[in-house]
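All remarks here apply to the structure that follows.
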Amino acid sequence: MPLDKAKTIINDIKSGNIKPVYFLMGEEPYYIDGIANYIEDKILSEEEKGFNQMVLYGRDVTIDEIVSNAKRYPMMAERQVVIVKEAQDLSRTIENLVAYVKDPQPTTVLVLCYKYKKLDARKKLAKEIKKTGVLFESKKLYENQVPDWIKRVLAGKGYTITPKAAQMLTEFLGNDLSKVNNELQKLQLIIQPGEQITPQLIERNIGISKDFNNFELQNAIGARDIKKAYSIVQYFGQNPKNNPMVMTVALMYSFFSKLLKYHALSDKNQAARALGVSPYFIKDYQLAARNYPMKKVSAIISSIREVDMKSKGVGAANIEQGGLLKEMLVKIFN
């Protein structure tokens, strides 16, 4: 997991095991920024930074200019730090770094932030970085991995969170870890270490309703609580900006697709791993499986696809979100 690898890199730096090259790449910018910011803040003292720390941007420099700066000697300090942000703008010429990486300046810490892309592992640069420095890939988490990530991040800071609260944050913010972390930091400002983050706390301070959200809609549908499901979609229809149709349809499709997979499992004891969900939520799938036979689930998935197409203007026109969601419920419950 990227979190563990990022922690290892930072712990190595803390212990004095500092490499001459850090190549930080991948689809998830959260860890790239986190490691680069730590190096920028911690390796040099404030007095040393003036002469020995430099931040460059990929769109403004060439590889030759980066190498020239990296080969400088530090002034009145043990080392210098050169950070290249947005290094992905140099993707066409990035392999020209091979010669420097083979023989890097030992008193320079060169950091390249190569966001949303990654090096070809078969080429020389990636292989040479592994020999002399750190090649870190920051992979995007799947949405079903985010609640566990939230739990682990908070545990590292002395906080806990209920499974429902973690799911609410994930459903509202998705897998954008920077956004999730920003909201977690806000919550940490108003509670004490050791306290638990609850749905009520999130509702009061972030504005996500603990009763009217996609997570509660999924639970109501799974339990065949028709009255509650209709009240939630009624709320969604009245507040479409805060409850976009595309998110609701995507979550329903994901839920019933996993339910279909649950029905097909020969060993239900392995359901959490097979479905990619927390064991805490398996009881929801057990209940839904009793309420929706396998054949019915297949029909529901087909109906959700139809509603999704209609929401995009295919086969229907000028139907409000609330009407489409009610149509979806009719097809699910009948």
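The values are calculated or read from the model by the stated rules, or taken from the named source; none is laboratory data. Quick caveat: nothing in here was measured; it's all calculated off a predicted structure. Virtual Cβ from ideal backbone geometry, glycine too; neighbours counted across all protein chains shown. To get the accessible areas, we keep the full protein, side chains included, count just its heavy atoms, and leave off ligands, DNA and RNA. Shrake-Rupley method; radii C 1.70, N 1.55, O 1.52, S 1.80 Å.
Most fluctuating residue of GLY16, GLY322, GLY34 in a GNM of the chain with Cα springs under 10 Å: which is it?
Highest fluctuation among the options: GLY16.
From the residues GLN270, LEU329, VAL297, which one has its Cα farthest along the dipole of the stretch 268-334 in the positive direction, the dipole being from +1 and -1 charges on Cβ of Lys/Arg and Asp/Glu about the Cα centre?
Going by the Cα projections, it comes out as GLN270.
How large is Rg over Rh for the stretch 170-316, taking Rg from the Cα atoms and Rh as the Kirkwood inverse mean of 1/r across Cα pairs? Write down the numbers at each step before the final one.
Numbers: Rg = 17.0 Å, Rh = 17.0 Å.
Taking Rg over the Kirkwood Rh, I get 1.00.
Nearest 10 degrees is fine. How inclined is helix 177-190 to the longest principal axis of the chain, computing both from alpha carbons?
Roughly 80 degrees between the two axes.
My understanding is that a pair violates if its Cα-Cα distance is over 29 Å; which of LYS5/LYS268; LYS85/LYS127; LYS102/LYS179 do that in this structure?
Distance filter (> 29 Å) returns LYS5/LYS268; LYS102/LYS179.
Calculate, for the stretch 1-120, the solvent-accessible area per residue in square angstrom, rolling a 1.4 angstrom probe over the heavy atoms of the protein chains. Walk me through the numbers on the way to the answer.
Values: 5980 Å² over 120 residues.
Heavy-atom accessible area per residue stands at 50 Å².
Roughly what % of Cα-Cα distances in the chain sit above 38 Å, to the whole percent?
Counting every Cα pair in the chain, those more than 38 Å apart make up 34 percent.
Taking the Cα centre as origin and putting +1 on Lys and Arg beta-carbons and -1 on Asp and Glu beta-carbons, what dipole magnitude results for the chain, to the nearest 20 debye?
On the way: 49 positive and 37 negative charges, 248 e Å.
So the magnitude is around 1200 debye.
With contacts defined as alpha carbon pairs under 8 Å and 6 or more residues apart, what's the relative contact order of the chain in percent?
Values: 424 pairs, mean separation 49.7, N = 334.
Taking the mean separation of contacting Cα pairs over the length of the chain, I get 15 percent.
Between ASP12 and THR93, what length in nm is gained on full extension when 0.36 nm per residue of separation is reduced by their alpha carbon distance? Before the final figure, lay out each step's value.
Details: separation 81, 0.36 × 81 = 29.16 nm, distance 2.99 nm.
Length gained, ASP12 through THR93: 26.2 nm.
In whole percent, how big is the carbon plus sulfur part of the accessible area of the stretch 31-76, probe 1.4 Å, protein atoms only?
Details: 1360 of 2720 Å².
For the stretch 31-76, the apolar C and S fraction of the accessible surface comes to 50 percent.
Between VAL314 and ALA272, with labels modelled 7 Å along Cα→Cβ, what's the label distance in nm to one decimal, could you check?
The modelled label-to-label distance comes out at 3.7 nm.
Under 15 Å from the 7 Å Cα→Cβ point of TYR142, by amide nitrogen: which residues of the stretch 194-235?
Answer for this model: none.
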